[in-house]
1. Work out from phi, with θ = phi - 60° and the Karplus expression 6.51 cos²θ - 1.76 cosθ + 1.60, the ³J(HN,Hα) of each residue of region 51-67, listed in order in whole Hz, and give x for Gly and Pro.
2. What translational diffusion coefficient, to the nearest whole µm²/s, does the chain have by Stokes-Einstein, given a Kirkwood radius computed over alpha-carbon pairs, a temperature of 25 °C and 0.890 mPa s viscosity?
3. With viscosity set to 1.567 mPa s at 4 °C, what whole-number translational diffusion coefficient in µm²/s follows for region 85-152 from Stokes-Einstein and a Kirkwood radius over Cα pairs?
4. Mind listing the long-range amide H neighbours of F208? Cut-off is under 5 Å, sequence gap 5 or more, other chains count too, H placed in the peptide plane at 1.01 Å from N.
5. I'd like the Karplus ³J(HN,Hα) series for region 18-29: coefficients 6.51, -1.76, 1.60, θ = phi - 60°, whole numbers in Hz, and an x wherever there's a Gly or Pro.
6. Counting only residues 5 or more places away or on other chains, whose amide H sits under 5 Å from the amide H of F56 once H atoms are built in the peptide plane?
7. Output wanted: per-residue J couplings in Hz (rounded whole) for region 136-147, from phi through Karplus 6.51 cos²θ - 1.76 cosθ + 1.60, θ = phi - 60°, x for Gly and Pro.
8. For region 148-256, what D do you get in µm² per second when you plug the Kirkwood radius from alpha-carbon pairs into Stokes-Einstein at 25 °C and 0.890 mPa s?
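Bear in mind that the values in this text are calculations on the coordinates, not laboratory data. Keep in mind that what you see is a predicted model, and the values were worked out from it rather than measured. Neighbour counts are summed over all protein chains in view; Cβ atoms, including those assigned to glycine, are modelled from backbone coordinates with ideal geometry.
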Amino acid sequence: MAFLDVKGVRKTFRRDEKTVVAIESFDLQVEEGEFVSIVGPSGCGKSTFLHIFGGFETCDSGEMLLDGRRVSKPGPDRGMLFQEFALFPWKSVAGNIGWALDAQGMPKDKIAEVTERYLKLVGLGGFRDHYPGELSGGMKQRVALARMLAFEPRVLLMDEPFGALDAQTRELMQEELNSIWQQTRRTVLFVTHDIEEAVYLSDRVIVFTARPGRIKEQMKIDLPRPRGIEIKKSAEFMDYRNRIWDLLREEVLKAREEFR
Ligand SMILES: Nc1ncnc2c1ncn2[C@@H]1O[C@H](COP(=O)(O)OP(=O)(O)OP(=O)(O)O)[C@@H](O)[C@H]1O
Ligand SMILES: [Mg+2]
């Protein structure tokens, strides 16, 4: 059995007497330690799927197993990172990371140690006493990343985490995440609209169909690891990028027809 096993998931939303099928007949198997990206047209159900897997949203049918156990509500085994920076502005960087650990009953000295370790991992060792308002967008997202990692969840669910960043910061964050993944080998489900980001980070890229979201195609990314950012210039990288872009383009056009 796969580490993450998603079988036959279907999700509908009702609005003004109309039913919108967001996800249909969705199956996915992911191995422990695998980095899987999901790309697909806007509105195809990517966020919905992550919310269901995170336990924040129910599904109409189907089942989801994490290491053989059924997933139905949020839990510390899954960490979620969203596009928006969701930090408490009134708490310091260390306070933002520590509050949830505190709520879990972790002793104060252990919290300080864990906070320090993960702040160093995301390159913000010297910022523990700063407040979110004093940080750039990239730094805020690093704090959110450190906060998620500090829980040591078995699965990281990331929904366009770098979408709000400028292109240069985004590339730095990709390198950072790549190196963190190399060190921690967590299982990751990563949603992005950036195909190069998906290819660079992933072991496998999944292309969703236009809504209702299903898997159109999966592509294993056989690029060597560890990967430096210069790999983006290689012919193999460009070939993956182009193939995924062609698959995605068909679905984006279909989705656009439907919105007309
Ligand atoms: N709470 C909700 N109530 C009603 N409809 C919803 C709700 N959440 C999502 N939907 C609908 O479900 C479909 C899938 O939405 P979802 O947010 O999962 O798409 P997405 O793939 O993440 O899109 P994007 O790439 O733009 O973030 C859309 O048609 C959306 O309008
Ligand atoms: Mg979304």
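1. 5, 5, 5, x, x, 8, 9, 8, 10, 6, 8, x, 9, 10, 10, 10, 6
2. The diffusion coefficient I find is 128 µm²/s.
3. Working: Rh = 11.5 Å.
The Stokes-Einstein estimate is 113 µm²/s.
4. Correct list: V39, G40, K216.
5. 9, 9, 9, 8, 7, 9, 9, 6, 9, 10, 7, 10
6. Here the answer is none, since no amide H 5 or more places off falls under 5 Å of that of F56.
7. These are the phi-based 3J(HN,Hα) values: 6, x, x, 5, 4, 5, 5, 5, 4, 5, 4, 5 Hz.
8. Working: Rh = 14.9 Å.
Value of D from the Cα-based Kirkwood radius: 165 µm²/s.
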